[in-house]
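Take a look at the structure below.
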Amino acid sequence: MTGETKSNDKHPGGLGLALDFGPLLVFFLAFKFTGVITGTIAFMVAIGIAVIVSKVKLGKVSPMLWLSAILVVGFGTLTVYFKDERFIQIKPTIIYTLCSLILFGGLMMGKPLLKFLLNAAFEGVNEQGWLKFSRNMAIFFAGMALLNEAMRATLSFDLWLTLKVWGVTILSVIFGMANIPMLMRHGLSLEPKEAIEGKPPEG
């Protein structure tokens with residue numbers, strides 16, 4: 001052996017984004033062309049496929065994807081059975097609320113739970129950085145739960161779904177980018193690990 005210590009963990013990268021966003025996009029397109037009931041069925045099938053692809057290609061299924069899949073199938077079934085789209089609309093509120101409560105619970109115990117989920121994607125971040133990021137994410141999730149309920153109560157299903165697919169995605173990207181400077185101050189390096197390891201020693 002020559003000191004090889006490469007991990008067998010597979011990083012999701014673009015595939016992870018596709019697994020998270022793909023089923024929602026399928027729901028959006030199916031709803032536009034066929035209506036809410038068929039769209040909901042397509043949503044359930046798509047997220048089931050996402051779980052299988054994640055297991056096969058990445059060797060694991062993230063807790064967030066498991067939670068989303070369980071809620072999509074559960075509330076999707078209620079939506080189809082009762083022919084009432086309000087069931088599928090409340091799913092994001094439950095996910096956001098649970099994530100916020102879990103993160104706040106971890107912070108109360110002094111544990112940045114995001115570290116255990118995202119450490120591979122944010123290597124180098126110190127404990128203080130993880131605590132701040134977990135706090136920010138907990139607040140963000142709480143805000144998103146309130147926003148979803150406000151949209152659900154005041155907007156048509158069509159407009160709610162459009163904002164859910166595009167508006168919420170844009171907000172999430174902006175939030176993530178806004179946290180990068182803080183994470184960099186706490187050890188995050190945007191330079192690929194391979195490039196750092198491959199640098200010749202200075203001097």
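The values are calculated or read from the model by the stated rules, or taken from the named source; none is laboratory data. Nothing here was measured: the structure is a model prediction, and the numbers come from that model. Here the Cβ positions follow ideal geometry from the backbone for every residue, glycine too, while neighbour counts run over all protein chains shown.
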Residue check, GLU85 under 24 Å from LEU17 (Cβ atoms) and of a type in the set (Asp, Glu)
no
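Taking only the stretch 61-83 into account, find how many residues are free of Cβ contacts under 8 Å to residues at least 24 places away in the same chain and either in contact with a Phe, Trp or Tyr (Cβ under 9 Å, 6 or more places away or on another chain) or over 23 Å from LEU159 (Cβ atoms) (or both).
Count: 8.
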Picked from the stretch 79-116 (must be over 17 Å from the mean Cα position of the chain (by Cα) and of a type in the set (Gly, Ala, Ser)), the residue surrounded by the most Cβ atoms within 10 Å (Cβ to Cβ) is GLY106
Within the stretch 125-139, can you find the residues that are surrounded by fewer than 16 Cβ atoms within 10 Å (Cβ to Cβ) and closer than 18 Å to LEU190 by Cβ?
ASN126
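Can you tell me which residue among ALA121, ALA142 is under 17 Å from GLY187 (Cα atoms), assigned by TED's automatic domain parsing to the domain that holds ASN179 and out of contact with any strand residue (DSSP E or B) (no Cβ under 7 Å at 6 or more places or on another chain)?
Values: ALA142 fails: under 17 Å from GLY187 (Cα atoms).
Answer to the selection: ALA121.
Rundown of residues vs (1) modelled with pLDDT of 95 or more; (2) in a helix (DSSP H, G or I), yes/no style:
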residue	(1), (2)
VAL61	no, no
THR97	yes, yes
PRO112	no, no
LYS115	no, yes
GLU123	no, no
ASN136	yes, yes
PHE141	yes, yes
Looking at the stretch 154-171, I want the residues that are among the hydrophobic types (A, V, I, L, M, F, W, C) and have a partner that is at pLDDT below 95 and not in a helix (DSSP H, G or I) with Cβ atoms under 8 Å, at least 6 apart or on another chain. Which pairs are those?
PHE157/GLU85
So the check is Cβ under 7 Å with 6+ separation or different chains; which pairs have a first residue in the stretch 18-35 that's aliphatic (A, V, I, L, M) and a second one that's loosely packed, with under 15 Cβ neighbours inside 10 Å and part of a helix (DSSP H, G or I)?
ALA30/THR38
Before we move on, is LEU24 modelled with pLDDT under 90, aliphatic (A, V, I, L, M), within 18 Å of TRP166 (Cα to Cα) and not assigned by TED's automatic domain parsing to the domain that holds LEU163?
no
Could you look through the stretch 160-203, keep only residues that are among the β-branched types (Val, Ile, Thr) and modelled with pLDDT of 55 or more, and pick out the one that is nearest to VAL125 (Cα to Cα)?
ILE180
